[in-house]
Amino acid sequence: MHKTVKQYSWPSPISLFLILSLCATGLHGQVVTDESISKEWLREHLQPQAPRLIFTTETEQLLNDKLKNDANVKQLYQHIKAYADYSLQLPPLTYVKKGRRLLSVSREALQRMLALAMTYRMEQQSEYLHRLEAELLTVAHFPDWNPSHFLDAAEMATAVGLAIDWCGKDMAPDILKAAKNALLEKAIIPSIGITWDNWWWVSQHNWNLVCHGGLAISALAIFEEEPDLASFVLNRTVERFPLGLLPYQPDGAYNEGPGYWFYATNYLTLTISAFESALGTGFDFLEVPGVARSAAFSEMTAGPSGDYYNYFDASTNGYHSLRHIGLLSWFGQRKGFRPPQQAIKQAMENIPSPEQQSKGRFSTLYLLNLLRLSEDAPELKREPVWLAKGDAPLAVFAPKQPNGLYLAAKGGSADDNHGNMDAGSFVLEWQKTRFAIDLGNQDYYELERTIGVGALWNKAQDAPRWDLLTKNNFGHSTLTINGAKHLVKGRALIHHSDLNPEHPEVAFDLSPLYGNQLKRAIRAFKKISDSALLIQDEVVLSENTQSLTWQWVTDAEVQLEDQTATLTIDGKQIQLEVIAPADFELAVASLDPPPSKLDKVVPNLKRIEVRMQPEAFKKKKGLIKIRVAGLP
C-alpha cells in the first residue's frame, strides 16, 4: 500500500480550525491517496494475538538465540536488565510539570516500562511484572497526561501501549483494564476533539510523528475493546503521518537539524515497526523520498571530532551513541548495510550506568533493531561530499583523512520549525577540532519562563525571539547587511553545485534574506585541498546597502595581522585570509559576556568580522573572498 502526500502551508487560526473540522467529519480530500484504514480492513489484517507490537513471540525467540552467541546483543540486554533492576528501587512517578510540560515524566515512564516489560519477558520473574503493573496504575491515576502539550500524552501513550501489549496476557485483569481505560481517556479521546491543543494533526515536523505515532500504538493496543475509535485513530495516522515526513524530503537532510532527527526518527521507526508486526505493512513510509537517506544525514553531519553540526536547537552530542547505532541498525536491516563495527563497539563501551541514563528510553527497541542485522552487509561509509537540496539544503565536505578540513554548511529559513537566522552559516573543523561553531540549543524552560512562551515561539520579524544570539544572525557565521537581522521569511536555496569529490563546490543563494538591503548574495564554498577551502560571496549592492559584515563565530583564541586572522585551540591552528575586497576592516567582537543577560553564555565566544563599506565594491558589485587554511 503506497501513500503519497500533499503539502500544506502553515494555517492561520481560522483555517486551522476548518482543517481540523474537515478532518473530523471526513469532508476534505484525503491528504494521502489510497484505500482508507477501515474497521473492516483492520479486522482482516490485524494480528489477532498480543504481543503484536514489535516485540512479538517470534522476536523474543530470536533474542533468546542471539543472547547465546552475540556479544553486542548480550551486553545491551544486560544494560536493559540493570536498568530494570534499578527501577525496582525507584520511588513511584509523580505528576509534576516543569513549566507547561509533563514530558520528562512521560519519558521516564517510557524508559521504566519498556525495560521492566522486556526483562519480565526474558526472565519470567514476577517482581518485574509487579513493578510494571504498579507503574501502569500510577500513570493511569494521573489527572491527565497533559494534552495541552500533546507530546507528553503521546510519549506516555507509547509507554502504556507497548507495556500492555508486551506483558498484558500476564497482568492482573483489573490493572490491564485500568491501563486500557487510561489510553482511551487520557490520550485517544483528547486527541479527537477539535481544539487548539490538537493543532498537531496537520503539523509538518516532529510533533506529527510523535503524536500520531504514539496514538497509533495506543489504538493497536486497544482495538478489540474500542474498534471504532481505534480505527479512526489509525486511519488518521496513516493519512496524516506523511506530513511529518516532509522534513526528510527530498534528500534526507532533516530540516529541524540532527537533534530533532533523532526524536522524530525514533517515533518514525517504532511506528513503522509496529505497523509491520501488527498489520503486515509499513505503508511504504520508508520509501518516501529522503527518509532512508536520512541515515546518511545522521552520519555526515558529525565532524571528525564526533560533534554534530548543532543547528536548530540541537546539541553536539549523540554521534555513534547507542541511540544512533540503534537507529542506523533499523535502517540497515531494511536497506542492506551495517553501522560501522567500530561505532557499535564505541556505543557499547559508552552506555552509561542506570542511574546516569537520561536518553535510554528506547534502548529496548535499539536492542531489537540489532537482532536482524546481516553479518555480510557492508558498513555504512562516509562520503567525501554530501549534498541535500530542497527547502532546507545542506552541504558537507568531508576530509580524506580525519585530521583534514571538515565543513558543513546550510541554507533554509528562520521560518522553519525551531529555525534560526543562520542561512549561509557553517561549522568547520581542522585536526578534529571545531574552529567555526554553532551556538546550538538553549533551555526552552528558562526562556519561556523569562520572555514568555508566546515570545519565544513567535516568528514575526520583530518578535523577541530574534533578539537572542542563538536565534539571530549575529550569533552565526553568515553575512549581515546594514547591521540588520535577516528576514524571517527569506529562504536560501542551492544556487549551483559541483560534486567533484576532489574539488567540490556548493553555492547558496542568500539574496532572499536581505530584501531591498542587497540585490544579490551568492555564497559559495569551494574545496581547494584537504587543508584549504575558499568561501566566496558574490554580492550586488542596492541603493540601500550601507555596510556589509562577513562573520565567523568561534571560541578559539584569535590573532589579527593585516589581512589574516589566526585561530588557535590547544595548539592547533587555522588561518583566515581576506583576499577580496581590497578595502576592509578586520576586527574581533567579544561575545563573552554575551550582549543580553538572556543569551547563552559560551566561554571565550567571539565573532571575527570583515567589515566593508559600499565604496569597496566598484560598480556596486564584487566578491568577498576568504581563504581558510589549516596550519601544520
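The values are calculated or read from the model by the stated rules, or taken from the named source; none is laboratory data. Bear in mind that the values here come from a model prediction, so they are computed numbers and not experimental data. Here the Cβ is made from the backbone with ideal geometry for all residues, glycine too, and neighbour counts use every protein chain on show. Areas reflect the complete protein model, heavy atoms only, side chains present, ligands, DNA and RNA absent. Shrake-Rupley method; radii C 1.70, N 1.55, O 1.52, S 1.80 Å.
Counting only the Cα atoms, the chain fills a convex hull of 152 Å³ per residue. The residue among Ala134, Ser273, Leu88 whose Cα reaches farthest toward the positive pole of the charge dipole of the chain, with charges on the beta-carbon of Lys, Arg, Asp and Glu, is Ser273. Enclosing the Cα atoms of segment 533-632 in their convex hull gives a volume equal to 108 cubic angstrom per residue. Note on Lys600: lysines with a C-alpha under 29 Å away, same-chain residues under 8 apart excluded, are Lys97, Lys98, Lys359, Lys410, Lys432, Lys459, Lys471, Lys485, Lys489, Lys572. Counting only alpha carbon atoms, the long axis of helix 57-69 and the longest principal axis of the chain meet at about 70°. The candidates Val553, Val602, arranged from most to least accessible area with a 1.4 Å probe in the full protein assembly, appear as Val602, Val553.
Divide the volume of the convex hull of the Cα atoms of segment 177-290 by its number of residues and quote the answer in cubic angstrom per residue. Please report the intermediate quantities before stating the final value.
Working: hull volume 11.1 nm³, N = 114.
Given the Cα convex hull of segment 177-290, per-residue volume reads 97 Å³.
Percent of C-alpha pairs per 5 Å bin in segment 488-553, short distances first: 4, 16, 23, 21, 17, 10, 6, 2.
How large is the charge dipole for segment 284-414, taken about the Cα centre, if only the Cβ atoms of Lys, Arg (+1) and Asp, Glu (-1) carry charge, to the nearest 20 debye?
100
Placing pseudo-labels 7 Å out from each Cα toward the beta carbon at Leu90 and Lys68 gives an inter-label distance of 3.3 nm. How much of the accessible area of the chain, probe 1.4 Å, is carbon plus sulfur, in whole percent? Roughly 50 percent of what the probe reaches on the chain is carbon or sulfur.
Sites counted here are GluC sites (Glu not before Pro) in a DSSP loop (not H, G, I, E or B) having no more than 13 other Cβ atoms within 10 Å; the longest part of the chain that contains none of them is 36-223. Per residue, the solvent-accessible area of segment 75-215 (1.4 Å probe, heavy atoms of protein chains only, all protein chains present) comes to 33 Å². For Lys621, the aspartates and glutamates whose Cα comes closer than 15 Å to its Cα, not counting residues fewer than 8 places off in the same chain, are Asp537, Glu538, Glu543, Asp583.
The order of Val540, Val506 by accessible area, most exposed first and with a 1.4 Å probe, is Val540, Val506.
Working note: Debye formula, equal point scatterers on the alpha-carbon atoms of segment 92-190, no solvent; log10 I(q)/I(0) at q = 0.10, 0.18, 0.19, 0.22 Å⁻¹ is -0.23, -0.73, -0.81, -1.06. Put the Cα centre of segment 77-128 next to the Cα centre of segment 393-457 and the gap is 33 Å. Principal-axis analysis of the Cα atoms of the chain puts helix 126-140 at an angle of about 70° to the longest axis.
When the dipole is taken about the Cα centre of the chain, and only Lys, Arg (+1) and Asp, Glu (-1) are charged at their Cβ, what size is it in debye, to the nearest 20? Show your work: numbers first, answer last.
Numbers: 63 positive and 72 negative charges, 159 e Å.
Value, rounded to 20: 760 debye.
Specify whether the C-alpha gyration tensor of segment 556-606 places it in the rounded, prolate or oblate class, a ≥ b ≥ c being the square roots of the eigenvalues: rounded for a/c under 1.5, otherwise prolate if a/b is larger than b/c and oblate if not. Since a/c reaches 1.5 but b/c is at least a/b, the shape of segment 556-606 is classed as oblate.
A dipole drawn for segment 490-530 from +1 and -1 charges on Cβ atoms has a positive end, and of Val506, Ala521, His495 the residue lying farthest that way is Ala521. Please check the chain for the longest run free of chymotrypsin sites (Phe, Trp or Tyr not before Pro) that are loop-located per DSSP (anything but H, G, I, E, B) and have at most 16 other Cβ atoms within 10 Å. Longest run free of exposed loop sites: 96-632.
The residues of segment 319-418 have, on average, 38 Å² of accessible surface per residue, using a 1.4 Å probe with all protein chains present.
Zone of Asp498 (label point 7 Å along Cα→Cβ, backbone N under 20 Å): which residues in segment 378-397? Of the residues in segment 378-397, 384-389, 394-397 have backbone N under 20 Å from the label point off Asp498.
Only Lys, Arg, Asp and Glu carry charge here, each on its Cβ (+1 for the first two, -1 for the last two); on that basis segment 229-338 has a dipole of about 220 debye about its Cα centre. Just the number, please: Stokes-Einstein D of segment 172-240 in µm²/s, Kirkwood Rh from C-alpha pairs, 25 °C, 0.890 mPa s. Taking Rh from Cα pairs, D becomes 199 µm²/s. Comparing Ser106, Asn206, Gln124 along the charge dipole axis of segment 96-222, the residue lying farthest to the positive side is Asn206, per the Cβ-charge model.
So which trypsin sites (Lys or Arg not before Pro) in segment 90-146 pass both tests, a DSSP loop state and at most 16 other Cβ atoms within 10 Å of the Cβ? Mind showing how you got there, number by number?
Working: sites: Lys97, Lys98, Arg100, Arg101, Arg107, Arg112, Arg121, Arg131; in loops: Lys97, Arg100.
Answer in residue order: Lys97, Arg100.
The long axis of helix 150-167 is offset from the longest Cα principal axis of the chain by roughly 40 degrees. Computed from label points 7 Å out along Cα-Cβ, the spacing between Trp457 and Ile189 is 2.5 nm.
In the full protein context, segment 227-299 carries 18 Å² of accessible surface per residue, based on a 1.4 Å probe and ignoring ligands, DNA and RNA.
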